[in-house]
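Peer 1: Quick one: this structure, given as C-alpha cells, is what I'll be asking you about.
The values are calculated or read from the model by the stated rules, or taken from the named source; none is laboratory data. The model shown is predicted, which means the values in this text are computed figures rather than measured ones. Here the Cβ positions follow ideal geometry from the backbone for every residue, glycine too, while neighbour counts run over all protein chains shown.
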Amino acid sequence: MKLKIILLILIVALSAAGGFLVWRMNGSTKEQPSATRDEAATVVVTSAATPDEPAATEPTTEPETDRYRAAVEKVEEMAGKQLKNKSKKLDVEELYQLPELPTGCESVALTAALRYLGFDIEKTEIADNYLIYDDDMFLGFVGDPHGNEGAGIFPPGLTETANNFLADKESDYIAVNTMGYSVEELRRFIDNGCPVLVWTTMSFYEPNIIGGGMFYDDEEYYWYDNEHCMALIGYDTANNELTFCDPLNGIVTCDADHFEWLYDDIGKLSMTIVECK
C-alpha cells in the first residue's frame, strides 16, 4: 500500500513539472521581428557593423532623466497649442544619402536636422560613430546603412542615437520620440522651430508590406520594403502642402492629406528635437 502511495505521489509531481516546463517553453519568450529592405531577403541582418567599422553603441531605452522628462513636457505643450502661422518652412538644407549611405536615410535625415540646429557634422558621422545597432528596428539599426541590404531603424532607436550625439556635444537639445502624434501636432512642432523626422515611403508611394508583425509597447507594426525617413521641415495650410528634406530627392512637397493617410497607415512614426536647458 505504501509503495502505491509513493508511486502515485511521484506521478503527480512529474505531471506538475511537465506542465511547468511546457508553460516556460510556450510563454516565456516573444518571437523576434524579421525585416529587410531588400525585397528578396527574408532574414534579419543582425550584425552590428562591418569589421572595419567602430564597435556598435549598445541600445538602451529612452533616458529617464529630468531633462528628458522636461523635453517631453515641452513637446506635449507645443502639441496642444494652435498654429501661429498659416505657413512656415525651416531653413533646412538638402542632404543626399547617396552614394555613401544607400540604406542610411534615417541617419542622413537626422544629420540634416542637426545641421539646421547649428551642428557642424559630416554626412556619415551619425552612421559611423553614433548609430545604435540591434536586431529589432525599434531598438537599433538592422543591417548596415553603408550597404544595399540595410533594413533601417525606427523612432525609439534613432531618438537614442540622437541623444548619444547631443550628450557627447554637451548640447542643450534633446531628441524626443513622438510616435503616435498626429500630423496636425507635427505642424505645431514646425511652427515652434523644431525639425521633425517622419517615417514614410520612397516618393510617398503606397507601403509595400512584405514582413510579419513587429511589436512595440504592445502595438503591432508591419515591415514594408519601401520604408523611408525624411525631415518634415514646413507646411502651407492654404495650399494643403507639407515640405520635406528627402535624403533621396532633396527638398520636396507632398499633399498634406495624402501624407497624413500614409503616416497614419504606417503607424505614426516620428521624432523631434527640442531645446531644453
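Peer 1: State the number of residues belonging to region 222-245 that are under 29 Å from residue 191 (Cα atoms), buried (at least 16 other Cβ atoms within 10 Å of the Cβ) and in contact (Cβ under 8 Å) with a residue 60 or more places away in the chain.
Peer 2: 11
Peer 1: Which members of region 247-266 meet the condition of being in contact (Cβ under 8 Å) with a residue 40 or more places away in the chain, assigned to a strand (DSSP E or B) and either hydrophobic (A, V, I, L, M, F, W, C) or touching a Gly at 6+ places or on another chain (Cβ under 6 Å) (or both)?
Peer 2: 251, 254
Peer 1: For the subset of region 79-110 comprising residues that are under 25 Å from residue 182 (Cβ atoms) and under 21 Å from the mean Cα position of the chain (by Cα), which member is surrounded by the fewest Cβ atoms within 10 Å (Cβ to Cβ)?
Peer 2: Among those residues, the one meeting the criterion is 79.
Peer 1: A follow-up question, please. Answer yes or no: is there a residue in region 161-172 that is more than 21 Å from residue 222 (Cβ to Cβ), under 12 Å from the mean Cα position of the chain (by Cα) and in contact (Cβ under 8 Å) with a residue 60 or more places away in the chain.
Peer 2: Within region 161-172, one or more residues are more than 21 Å from residue 222 (Cβ to Cβ), under 12 Å from the mean Cα position of the chain (by Cα) and in contact (Cβ under 8 Å) with a residue 60 or more places away in the chain.
Peer 1: Just for region 212-221: of the residues that are surrounded by 15 or more Cβ atoms within 10 Å (Cβ to Cβ) and in contact with a strand residue (DSSP E or B) (Cβ under 7 Å, 6 or more places away or on another chain), which one is farthest from residue 193 (Cα to Cα)?
Peer 2: Only one residue tops the list, namely 214.
Peer 1: Right, next: Residues that are closer than 16 Å to residue 115 by Cα: which strands (runs of 3 or more DSSP E) entirely in region 134-245 hold 1 or more of them?
Peer 2: Because the criterion is at least 1 residues that are closer than 16 Å to residue 115 by Cα, the strands (runs of 3 or more DSSP E) in region 134-245 that meet it are 173-177, 196-201, 227-236.
Peer 1: Six or more apart or on different chains, Cβ under 6 Å: which pairs go from a residue in region 99-113 that's hydroxyl-bearing (Ser, Thr, Tyr) to one that's surrounded by 24 or more Cβ atoms within 10 Å (Cβ to Cβ) and outside any loop (DSSP other than H, G, I, E, B)? Could you list them?
Peer 2: What qualifies is 107/126; 107/127; 111/126.
Peer 1: With the checklist (1) surrounded by 16 or more Cβ atoms within 10 Å (Cβ to Cβ); (2) out of contact with any strand residue (DSSP E or B) (no Cβ under 8 Å at 6 or more places or on another chain); (3) closer than 30 Å to residue 183 by Cβ; (4) at pLDDT below 50 in hand, flag the one item residue 41 doesn't pass.
Peer 2: Residue 41 satisfies every listed condition except (3).
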